[in-house]
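**Student:** Pasting a structure here, questions to come.
We did not get these values from a lab; they are worked out from the coordinates using the rules stated. The shown structure was predicted, so the numbers you read here are calculated from the model rather than taken from an experiment. Heads up, the Cβs are rebuilt from the backbone with ideal geometry, glycines too, and the neighbour counts pull from every protein chain shown.
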Amino acid sequence: MTEGYDAVIIGAGVIGSALGYELARHGRRTLNVDKLPAAGYGSTSNSCAIVRFSYSTRDGVAMSWEGQHYWANWRDYLGGDVDERGLAEFIQCGTALIKKPEGGHHERVIPLLDELDIPYEDWSRDELVERFPMFDPSVFGPPKRPDDGAFWAEPTQQLLGAVWTPDAGYVNDPQLSAHNLQRAAEAHGAEFRFSTEVVTIHSEPHAVHRSGRRVTGVELADGGSATAPIVVNVAGPHSGVINRMAGLEGTMRIQTRPLRHEVHHVASPPGVAYGSTGCHVQDGDTGIYFRPESGDNILIGSEDPDCDPREWIDDPDDFDREITQAQWEAQVLRLARRMPDLGVPSQKRGIVDLYDVADDWIPIYDRTDLGGFYVAIGTSGNQYKNAGVAADCLRELIDAVEAGHDHDAEPLVVTGRYTGLAIDLGAFSRNRDVNPDSSFSVNG
Ligand SMILES: Cc1cc2nc3c(=O)[nH]c(=O)nc-3n(C[C@H](O)[C@H](O)[C@H](O)COP(=O)(O)OP(=O)(O)OC[C@H]3O[C@@H](n4cnc5c(N)ncnc54)[C@H](O)[C@@H]3O)c2cc1C
């Protein structure tokens, strides 16, 4: 059966669902299609859902600061208590960005926080330990693997301190947050179809630009199809698969690739209720990030330091979902250096999922060379926090381009609805030069 829509969104993760909501409440008849059984069951479900503002570029920091306000105003943004399952919670535990004596990421971040007037405190080492006495403020870096003889070397230097952003935090249930967005979208007439795979993207010669083509809809694995003048690729780690389906391979200067990533869970050290009293820490000195997790656990991710192998994945439907002993030890023992009382459990706990990494670890929010076909991809392990603002930006982009605006020649600048900050969508273009200011890591 074929049904007609104003827009089909491929994917119902946190960003795809937010886009469904944003387009539907601005009057478009939308359909989100997802091959998994519910909203947010893809990479969103395994997101650490950390909301921080410590990016390397002005546009990255502006997006994330604007993005934070959607979480801080979650109920209002959604239009009330829209979900029978309840609403996801934004826990503002703050972020401590570790300052290394030899310099590092904080040197890029501080001027950007100043420029954008984002509240922060510049803590000394003593202030860091006063607030979080469970931390050893020694320098252990540069990051190493535990099988490197220098891993356990006696430290000879101390950290400088930390940049403290009190408004940062994490969302307690990322899958629920995508479901909240689904319900908010449905309240405006949006439709969601699950356990349904998009297998073909249809197009026809462009009526105006004779050399080009324009999307007309999608075909589904169950034999159904949907027509729409607008189709958006929000397929997470499958973004490359969907772009190939649309015939767009080789048409974008910035490419995306799936990268395997492990996140581990450990119990707080004895006598420390890290789940309720801890903060999110960006520890470039040891090469990890960590944050409180429910049940007085600690969640540990990796900043992918150079010494760790990067595992690029060819087929996003085929990768090892088991935690490896080597990476478990690397991440947990790195935390044990920063938190010396941490017990190192013999039982491995955590998750494995894929980042959809762009060449410069900055997302692509853009139109494409196929008329009516848009992308919100390359989210590089760091765009959960931006779901609301990314959806707003894409909706404005779609409205402008469909009304005839030449976004490639004159990139759209969106005004953040909460902060009033200017967000230049040229920074997220598919055809930008690789951004040399990027950290080329999850820090964007
Ligand atoms: C381990 C991990 C930790 C992370 N931590 C953070 C963090 O702390 N902070 C942060 O800001 N970001 C983080 N991220 C990144 C963030 O989670 C993602 O950027 C975000 O969830 C992407 O949402 P999405 O909607 O674009 O994609 P996804 O949630 O991946 O959704 C894409 C959907 O598309 C569907 N799909 C794919 N192909 C098809 C098809 N052919 N037909 C139909 N459906 C299809 C999939 O089933 C999937 O549900 C992390 C990511 C990972 C993997």
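**Student:** Taking R0 as 25 Å, what's the FRET efficiency between GLU121 and ASP341 from their Cβ-Cβ distance, rounded to 0.05?
**Tutor:** Values: r = 26 Å, r/R0 = 1.03.
Calculated transfer efficiency: 0.45.
**Student:** In the Gaussian network model of the chain, springs joining C-alpha atoms below 10 Å, which of GLU84, GLU191, GLU219 carries the largest mean-square fluctuation?
**Tutor:** For the chain, modelled as a Gaussian network with Cα springs under 10 Å, the answer is GLU84.
**Student:** Regarding the chain, what's the average projected area of the Cα-atom convex hull, expressed in nm²? It would help to have the intermediate numbers written out before the result.
**Tutor:** Working: hull surface 82.2 nm².
Convex hull of Cα atoms, orientation-averaged projection: 20.5 nm².
**Student:** What fraction of the DSSP beta bridges in the chain is antiparallel, stated in percent and rounded to the nearest 5?
**Tutor:** Close to 75 percent.
**Student:** To two decimal places, what compactness ratio does the stretch 334-444 give when its Cα radius of gyration is scaled by 2.2 N^0.38 Å? Write out the running numbers ahead of the final one.
**Tutor:** On the way: Rg = 18.3 Å, N = 111, 2.2 N^0.38 = 13.2 Å.
Taking the Cα Rg and dividing by 2.2 N^0.38 Å, one obtains 1.39.
**Student:** Does the stretch 1-61 come out rounded, prolate or oblate by the C-alpha gyration tensor, with a ≥ b ≥ c the root eigenvalues, rounded set by a/c under 1.5 and, if not, prolate when a/b is larger than b/c and oblate if not?
**Tutor:** oblate
**Student:** For the stretch 89-187, what does the equivalent ellipsoid look like in terms of its semi-axes, each the square root of 5 times an eigenvalue of the Cα gyration tensor, given largest first in whole Å? Spell out each step's value before the answer.
**Tutor:** On the way: eigenvalues 219, 74, 35 Å².
Value: 33, 19, 13 Å, ordered largest first.
**Student:** For the chain, which span is the longest to avoid every loop-located (per DSSP) member of trypsin sites (Lys or Arg not before Pro) having at most 15 other Cβ atoms inside 10 Å? Walk me through the numbers on the way to the answer.
**Tutor:** Working: sites that count: ARG85, ARG210, ARG253, ARG310, ARG321, ARG349, ARG417.
With trypsin sites (Lys or Arg not before Pro) excluded where exposed in loops, the chain gives 86-209 as its longest stretch.
**Student:** Now, a different point. For the stretch 124-198 and the stretch 376-422, compute the distance between their C-alpha centroids and round to whole Å.
**Tutor:** Here the two parts' Cα centres lie 25 Å apart.
**Student:** Then there is this: With the cut-off at 1.5 for a/c, could you classify the stretch 241-286 from its C-alpha gyration tensor as rounded, prolate or oblate?
**Tutor:** Numbers: a/c = 4.45, a/b = 3.34, b/c = 1.33.
Prolate.
**Student:** Over the stretch 126-235, one equal point on each Cα, no solvent: what is log10 I(q)/I(0) by the Debye formula at q = 0.11, 0.15 Å⁻¹?
**Tutor:** -0.72, -0.84
**Student:** Do any GluC sites (Glu not before Pro) in the stretch 317-415 lie in a loop, going by DSSP, with at most 14 other beta-carbon atoms within 10 Å of their beta carbon, and if so which? Please report the intermediate quantities before stating the final value.
**Tutor:** Numbers: sites: GLU322, GLU329, GLU396, GLU402; in loops: GLU322.
Sites meeting the loop and neighbour criteria: GLU322.
**Student:** So between ASP147 and VAL413, what do we pick up on full extension, going 0.36 nm a residue minus the alpha carbon distance? Could the numbers behind the result be given before it?
**Tutor:** Numbers: separation 266, 0.36 × 266 = 95.76 nm, distance 4.85 nm.
The ASP147-VAL413 span can extend by a further 90.9 nm.
**Student:** Now a separate question. Only helices at least 24 Å long along their axis, Cα-based, and averaging -1.0 or more on Kyte-Doolittle count here, so list those DSSP H runs from the chain. Intermediate results must be reported in sequence, preceding the final value.
**Tutor:** On the way: long enough: none.
Answer set is empty.
**Student:** Could you work out, for the stretch 1-143, what percent of all Cα-Cα pairs fall into each 5 Å distance bin, beginning at 0 Å and stopping at the bin that holds the largest distance?
**Tutor:** Cα pair-distance distribution for the stretch 1-143, in percent: 2, 7, 12, 15, 16, 14, 11, 9, 7, 4, 2, 1, 0, 0.
**Student:** Can you compute the helix-only [θ] at 222 nm over the chain? Use -39500 (n - 2.57) per DSSP H run of at least 4 residues, normalise by all residues, nearest 500 deg cm²/dmol. Display every interim value, and only then the final one.
**Tutor:** Working: 10 runs with 104 residues, N = 444.
The helix contribution divided over the chain gives -7000 deg cm²/dmol.
**Student:** So how far, in whole Å, is the C-alpha centre of the stretch 78-121 from the one of the stretch 1-75?
**Tutor:** 19
**Student:** Now a separate question. Using a simple spin-label model with points 7 Å from Cα along the Cα→Cβ vector, what separation in nm is obtained for VAL434 and ALA207?
**Tutor:** Going from the VAL434 label point to the ALA207 one covers 4.2 nm.
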